[in-house]
Amino acid sequence: MPAKERKVIVVFIVSSLIIVLSLILLSITHIPIKTYLTSLFATDNQTAMMLGELFEIAHKILYIALWMLLVILIVRFFNSLIASTVLRKVGNAELASLLQNVVSIVIYVFVFVTIVKSQFQTDLTTVFAGGTILGVVLGLALQDTLGNLFAGLALQADQPFQIGDVINIPSKNATGVVESVSWRGVKIRTFQNKILLISNSVLGRELIEVAPKDNLNARLLHFNTIYVTSPAKVVRVVREVVRNVDNVSSKYRPLVRIKNLGENGIEWEIKYWLEDYSKYNDTDATIKMRIWYAFQREGIHFAYPTRKIYVEEEGEVSLTEESEEEIFDCLSQVSIFAPLTSEELRNLVKSVHLKIYSPNEFITREGLKEDSMFVIFRGSVKVQVKEGDVQKTIAILQEGDFFGEMGLFTGEPRTASVVASEETKVLQIRKDAIKPLLDANPQLVEVFSKVIAERKIALANRPKTEKVEELAEEESKGLISAIKRFFGIN
């Protein structure tokens, strides 16, 4: 038993014994003290009778006070005992506190009336009649307070929400997280960090939307696209975006569905489930931002409320004003493409895809099989590997750096994840862009394999004592076979 509870029990026992002994002593000494005081101060029979009556009244008042003190002590002790044991397991402290207060008041009133009636032998009908009138007056004066009290009891008994839940009261335009529930009302902290105190009587009459904290609550978002874009492509792109956003539950797959075929375009609806509903504003904003970036990369266009005829082919689109010359200058600085002639490099530039990513968005993930590599055109990225459940950053790459070359030339799964540190533009070079170069000039296979082997050994941080050239030569031989096999070169 905790020391605090032991202390409460000891205080209760000692105090109760003192009060009980006082009551016993009061009963034993009642007649002797009355006789002594009467004989001491009374000069005649009338005075003796008056003193006797006063003593009886004082004795009864003291008797009532001691009994009420004992009852209060017992009630408080049991309240403390229940609160520290039983109610700790119930988990609804607000209801417990409210019920304890109400029950305690009822017990005090009942015991007080019973003791007064037993001591004074009085018919309390008149008192109750007057109390009824007083109760009506007080009831009219305190009708809002009493309404809050009983509405609070009803709310707590029904438990429509708990502390930590997100509630929305549409008629009051009030949305926030429940911070406390009392006999007077509910305290809500809005998403503007303001405190709203709504009375229980108001809540009892309103429609309340509740998002429980221990539940996966769904959200709906809407957007639209033009008709020329394949719906299957939109579903695939948006679903992949949503499932990779923090706070979106992985337990349920996000739903992306057509809501309506509108006048200006296809109207879409996204349904996803949140792990923490109180963060829905941030999650909604992140999803919208990621969709914009994904649409830019995939050549998907939002629909606008205009009448316009689109005559274009679906596919990659130019994101910005970056010219082929700028892309050519960027690729010419990349070591892996150093063996290419100027003409070969310009042909490669025509097949490059420029893609843009938002901060903290994954460009590629560890374990994926992708036949492409990336060159950082603008921005920076973090290279991460998974250690347990944590993503550990092992390198930072800047403009001009590249990654994913093994996937492009051999089809190997990614050995690390790459995340955009800021808004980042990358040049994606795919297998179908490299194959024409290798078909036209098969000797490039050996050149590329040597460059890749040297880079691979350098990234492995080999000790200087080892013969790097021999290791690179050995690695290069294995890469030649892998590249030829991947590109189907005899």
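Readers should treat all values here as calculations from the given coordinates under stated rules, not as data from a laboratory. This is a predicted model, so every value here is computed, not measured. Virtual Cβ from ideal backbone geometry, glycine too; neighbours counted across all protein chains shown.
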**Fill in**
Where a ≥ b ≥ c are root eigenvalues of the Cα gyration tensor, a/c under 1.5 meaning rounded, otherwise prolate if a/b exceeds b/c and oblate otherwise, region 320-422 counts as prolate
**Request:** Output ³J(HN,Hα) for region 203-209: one whole-Hz value per residue in order, computed from phi by the Karplus curve 6.51 cos²θ - 1.76 cosθ + 1.60 with θ = phi - 60°, and x for Gly and Pro.
**Result:** 4, x, 9, 9, 7, 10, 9
**Request:** Find, among the trypsin sites (Lys or Arg not before Pro) in region 195-293, those assigned to loop by DSSP (not H, G, I, E, B) with at most 15 other beta-carbon atoms within 10 angstrom.
**Result:** Arg205, Lys251
**Asked** Cα centroid distance between region 234-294 and region 49-69, in Å?
**Response** 77 Å
**Item:** Relative contact order (%) - criterion: Cα under 8 Å, at least six apart; region: region 159-211
**Value:** 34 percent
**Item:** Long-range HN-HN contacts of Thr364 with modeled amide H, under 5 Å
**Value:** Val418
**Prompt:** Long-range amide H contacts for Lys213: which residues qualify at under 5 Å (H placed 1.01 Å from N, peptide plane, sequence gap of 5 or more or a different chain)?
**Reply:** Asp165, Val166
**Message:** Skipping prolines and chain starts, which residues have an amide H placed within reach, meaning under 5 Å, of the one on Gly185, given they are 5 or more residues away or on another chain?
**Reply:** Asn200
**Request:** Quick one: dipole size for region 369-415, taken about the Cα centre, charges +1 on Lys/Arg Cβ and -1 on Asp/Glu Cβ, in debye to the nearest 20.
**Result:** 140 debye
**Item:** ³J(HN,Hα), Karplus 6.51/-1.76/1.60, whole Hz, each residue of region 8-13, x for Gly, Pro
**Value:** 4, 5, 4, 4, 4, 4
**Derived scalar couplings ³J(HN,Hα) [region 285-295; Karplus, 6.51 cos²θ - 1.76 cosθ + 1.60; whole Hz; x for Gly, Pro]** = 5, 5, 4, 4, 5, 5, 4, 4, 5, 5, 5
